[in-house]
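These notes concern the structure reproduced below.
The values are calculated or read from the model by the stated rules, or taken from the named source; none is laboratory data. In this text, all values refer to a predicted model and were calculated from it rather than measured experimentally. When we count neighbours, we look across all protein chains shown, and the Cβ atoms used for this are built from the backbone with ideal geometry, even at glycine. The area values use the complete protein model at the heavy-atom level, side chains included, leaving out ligands, DNA and RNA. Shrake-Rupley method; radii C 1.70, N 1.55, O 1.52, S 1.80 Å.
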Amino acid sequence: MVRNWHFVVCCLFDICDEIEEKENGSYIFMSKKEDDVFFEFKIDVMDENFNLSYIDINTPEKKYHVDFDA
């Protein structure tokens, strides 16, 4: 299991900074906060907002997938 969920929140804030200047479209971002855990996000950027489609949390033990569009 992911040891510390605050990493997920930190990654989301990092992504918000990344998409601020992006054109409309779909983007996949990856973020690594620990040596053995990384996150993958699919985000759709629109004029006034964005949609977090999914997040994958990859750990040495397991891959967790959360689909926010389901």
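Out of region 1-37, which residues are in contact with a helix residue (DSSP H, G or I) (Cβ under 9 Å, 6 or more places away or on another chain), modelled with pLDDT of 70 or more and hydrophobic (A, V, I, L, M, F, W, C)?
The answer is 29, 37.
In region 15-47, which residues are among the small types (Gly, Ala, Ser) and either open to solvent by 100 Å² or more (accessible area, probe 1.4 Å) or over 30 Å from residue 60 (Cβ atoms) (or both)? Spell out the reasoning first.
Start the filter on region 15-47 by keeping residues that are among the small types (Gly, Ala, Ser), which leaves 25-26, 31.
Within region 15-47, just 25 meets the criteria.
For region 48-65, which positions are open to solvent by 50 Å² or more (accessible area, probe 1.4 Å) and either farther than 23 Å from residue 20 by Cα or in contact with a Gly (Cβ under 6 Å, 6 or more places away or on another chain) (or both)?
60, 61, 62, 63, 64, 65
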